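One structure is given here, and the rest of the page talks about it.
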Amino acid sequence: MEIKAIRGFNDILPDEIGKWQFVEKTAREVFEGFGFSEIRIPIMERTELFSRGIGEATDIVEKEMYTFTDRSGNLLTLRPEATASMARAYLEHQIYTFDPVAKLYCIGPMFRYERPQKGRYRQFYQIDAEVFGVDNPMVDAEVILMLVHFLKRVGLEKLELQINTLGDRVCRPRYREELKKFLEKKSFQLCEDCQRRLQTNPLRIFDCKVETCQAAIANAPKVIDFICDECEKHFDKVKEYLKMAGLDYIVNPKMVRGLDYYTRTAFEVVSYQLGSQNAVTGGGRYDNLFKEIGGLDVPGIGFAIGMERLISLLPKEKEFIQYPHLFIAALGDETYKKAYQLINQLHLQGIRAELDYEGKSLKSQMRRADKLKSRYVLILGEEELKKGRAVLRNMETKSQEEIPMEDLVDILRLKFLPD
Ligand code: AMP
């Protein structure tokens, strides 16, 4: 039987890869322009890092992690997100001794055992950016500005920035209790999962998609009415700095991010581009995470962008596929040798050239050049070659010119490699 990929694990094929490379390149450019550096972290960690960092009573830790015991009996997990690993690396390598403020980003696959459907996979890619070591609300706004700027740079439109505050370890427990009291009266309306969440982590009920749970929580108390003075001041400052950066936002009091470690600022960017609402990315501040994983008390803020979802929203008209600059159609054995020398020379210059390897007729070579969407075809015939010339055909305008072979590389470089 033919072996297929695992359910929820996707191949990204050559005709899609242009979009991925474009998104990654833009992320690097934008983030590095904001002073961020790339970090690469392992794909697997000790399970404890996630169970303590993300929180036991979250969907991810309860039922979505790929966890197994290795041959030495270590309990390991494929990373379901990047923040905890980045925080671990910051502590483990004492990055703070060089400078307490670290601005880091990371691009790579994450793994969650979720029910696969369109836009939701078991291996999916995220772009993560985090700032460790600053609790100033100015950084919250800076990170959000970078995110919105990035999304616009890749071509997303109709974006809406939603923000909320989740309180901190002083005021959130109070809110949690109020919410619990409120929902206990409506517990008969809650789904089985939310009945359990009510005891372990009632804030999670906001994220439940079940209609009766949504109805139960519709008039629930809002966290914003319970936050302490410090959190309120922080939130006011974030809003002020967002305005100063020229960013519009709406406060969405029902947005509570799914992971336990979030405190204070939470944000999501929603796109209305395809008609319906699409959450492309979310993030927030997490001033408890570092302590949870056994480290110093370091504040942090960051976001994760789901790449599959982002790519599905990219404007269709953008041209991402890289077509050959040139197809060399060679006729006859001698010309083949010349074509081989030529194509090597072109490749070393960075000119994307293709060759027919099968000695087919000119007609069929031209057909292939057309199918590959080559911009030019160089027709190498024996007669012309003796004179040191070849025919260069522009496949778009269909115009042809005879050119000296020694000028070919220069001509093509001028056309395709402007620098
Ligand atoms: P989270 O880490 O849960 O805050 O998710 C951040 C972003 O990652 C989301 O907005 C999604 O775009 C993306 N994402 C999360 N889970 C999945 C998944 N299973 N498949 C595809 N994308 C996902």
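The values are calculated or read from the model by the stated rules, or taken from the named source; none is laboratory data. The structure presented is a predicted model; accordingly, all values stated were derived computationally and were not measured. All Cβ positions, glycine included, derive from the backbone under ideal geometry; neighbour counts span all protein chains shown.
Taking (1) at pLDDT 95 or above; (2) in a loop (DSSP other than H, G, I, E, B) in turn, residue 45 satisfies each apart from (2). Residue 174 falls short of the stated requirement of being farther than 16 Å from residue 140 by Cβ, assigned to a helix (DSSP H, G or I), in contact (Cβ under 8 Å) with a residue 24 or more places away in the chain and touching a Lys or Arg at 6+ places or on another chain (Cβ under 6 Å). Checking the stated criteria, residue 102 turns out to be more than 15 Å from the ligand (Cβ to nearest atom) and either closer than 24 Å to residue 263 by Cα or touching a Cys at 6+ places or on another chain (Cβ under 8 Å) (or both). Is it fair to say residue 114 is in a helix (DSSP H, G or I), surrounded by 13 or more Cβ atoms within 10 Å (Cβ to Cβ) and modelled with pLDDT under 95? No. Is it the case that residue 29 is at pLDDT below 95, among the acidic types (Asp, Glu) and not in a loop (DSSP other than H, G, I, E, B)? So residue 29 fails the test. Between 271, 276, the distinction of being more than 9 Å from the ligand (Cβ to nearest atom), touching a strand residue (DSSP E or B) at 6+ places or on another chain (Cβ under 7 Å) and at pLDDT below 90 belongs to 271 only.
For region 128-153, filtering for residues that are assigned to a strand (DSSP E or B) and either within 9 Å of the ligand (Cβ to nearest atom) or on the phi > 0 side of the Ramachandran plot (or both) leaves 1. Could you tell me whether residue 107 is in contact (Cβ under 8 Å) with a residue 60 or more places away in the chain and out of contact with any strand residue (DSSP E or B) (no Cβ under 9 Å at 6 or more places or on another chain)? So residue 107 does not fit the description; no. Can you tell me which condition residue 156 does not meet? The list is (1) under 18 Å from the mean Cα position of the chain (by Cα); (2) more than 16 Å from the ligand (Cβ to nearest atom), and all the others hold. Going through (1) under 18 Å from the mean Cα position of the chain (by Cα); (2) more than 16 Å from the ligand (Cβ to nearest atom) one by one, residue 156 breaks only (2).
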